[in-house]
Amino acid sequence: MNEKTKYQLMKNRELLKGYQKSDAGEEPTDQQQKLPGPRPLKEKLGRGEISLPKDFGELSINGNFLELVTGRKSRRQYREETLTLLELSYLLWTTQGVRNMAGHKNPVTFRNVPSAGSRHPFETYLFVSSVEGLKKGIYHYLPENHRLELWEDRQDYETELTQALCGQFFAASAPVVFVWSALPYRTEWRYGQKAAKYILLDAGHICQNLYLACESIGCGTCAIGAYDQECLDELLGFAPGPSGEKDYECTVYAAPVGRRKEEE
Ligand SMILES: Cc1cc2nc3c(=O)[nH]c(=O)nc-3n(C[C@H](O)[C@H](O)[C@H](O)COP(=O)(O)O)c2cc1C
């Protein structure tokens, strides 16, 4: 290993410790400086609003927690079956649903997953090809009202999405592909340089909930960390980065979902 690679690995390892060596003279965070906090939710920018059903009692949910945990695995083969809107709604609710909000000046959301300081820096985008009641396209989840908006009216995303997911066609061709982005400033406002570590820790909780929720309704998923950052960001219309802008947003994680094949 050459010195340059070694140095880069060492820099990356600093992320695991949650701080940079130069932290000694770190300035107070924006929260400590009493700067106004960022909105805890992205404003509505897409088209239309689709209410999501919440009568989860109608779903046949396997409630044995031990079975769900021990039966969980990454599933990469899905039936050619359409998911219901209620199933999709359940997966969105369990991964990023907002239970309640608190605070007037700097509101925070409380959700079905934990997040450092309840900063919840993520947004959820869906590449939908086969969900009852939704036309094929790219959607954005509005967790405050548990709704979807149409992010991009695109029927032909499969080739680009396959490329963005580093050729993983099994993922790009799933009935629905979850893509999570982060708006780092939501967490940086409070934690400054430690934010990057917390954001990545937070992402794991979301995907784990998706795995278990999928298992509970006969679906399957597979975490996707191998993706092309520029391609996926571009596909969702994010500005190239990284930048120091407060509204900077980039993709961090993805996961295809489909009804699982019994033999899997
Ligand atoms: C952060 C992360 C990134 C991953 N990225 C991919 C991926 O890009 N493609 C893939 O097929 N599996 C991916 N996986 C799934 C792992 O390969 C899988 O979890 C591992 O092989 C263990 O199998 P299991 O999940 O069935 O226990 C990823 C898992 C994690 C946690």
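The values are calculated or read from the model by the stated rules, or taken from the named source; none is laboratory data. Keep in mind the model is a prediction, meaning the values are calculated, not measured. Cβ placement follows ideal geometry from the backbone for every residue including glycine, while neighbour counts extend to all protein chains displayed. Keep in mind that these areas ignore ligands, DNA and RNA; they rest on the heavy atoms of the full protein, side chains included. Shrake-Rupley method; radii C 1.70, N 1.55, O 1.52, S 1.80 Å.
Total residues in the range 201-259 satisfying the condition of being small (Gly, Ala, Ser), surrounded by 20 or more Cβ atoms within 10 Å (Cβ to Cβ), within 11 Å of the ligand (Cβ to nearest atom) and farther than 24 Å from Gly46 by Cβ: the figure is 1. Restricting the range 154-176 to residues that are assigned to a helix (DSSP H, G or I) and open to solvent by 40 Å² or more (accessible area, probe 1.4 Å), the residue that is nearest to the ligand (Cβ to nearest atom) is Phe170. All of (1) in a strand (DSSP E or B); (2) more than 16 Å from the ligand (Cβ to nearest atom) hold for Val179 with one exception: (2).
Among the residues of the range 58-104, those identified as open to solvent by less than 40 Å² (accessible area, probe 1.4 Å), assigned to a helix (DSSP H, G or I) and either more than 25 Å from Glu123 (Cβ to Cβ) or charged (D, E, K, R) (or both) are Leu68, Gly71, Glu87. Taken over the range 74-104, the criterion of being more than 19 Å from the chain's Cα centre (by Cα) and of a type in the set (Lys, Arg) is satisfied by Arg79 alone.
What about Ala195, is it more than 12 Å from the chain's Cα centre (by Cα), part of a helix (DSSP H, G or I) and within 12 Å of the ligand (Cβ to nearest atom)? No; evaluated as a whole, the condition is false for this residue.
The residue of the range 105-127 that is nearest to the chain's Cα centre (by Cα), among those that are open to solvent by less than 40 Å² (accessible area, probe 1.4 Å) and hydrophobic (A, V, I, L, M, F, W, C), is Phe122.
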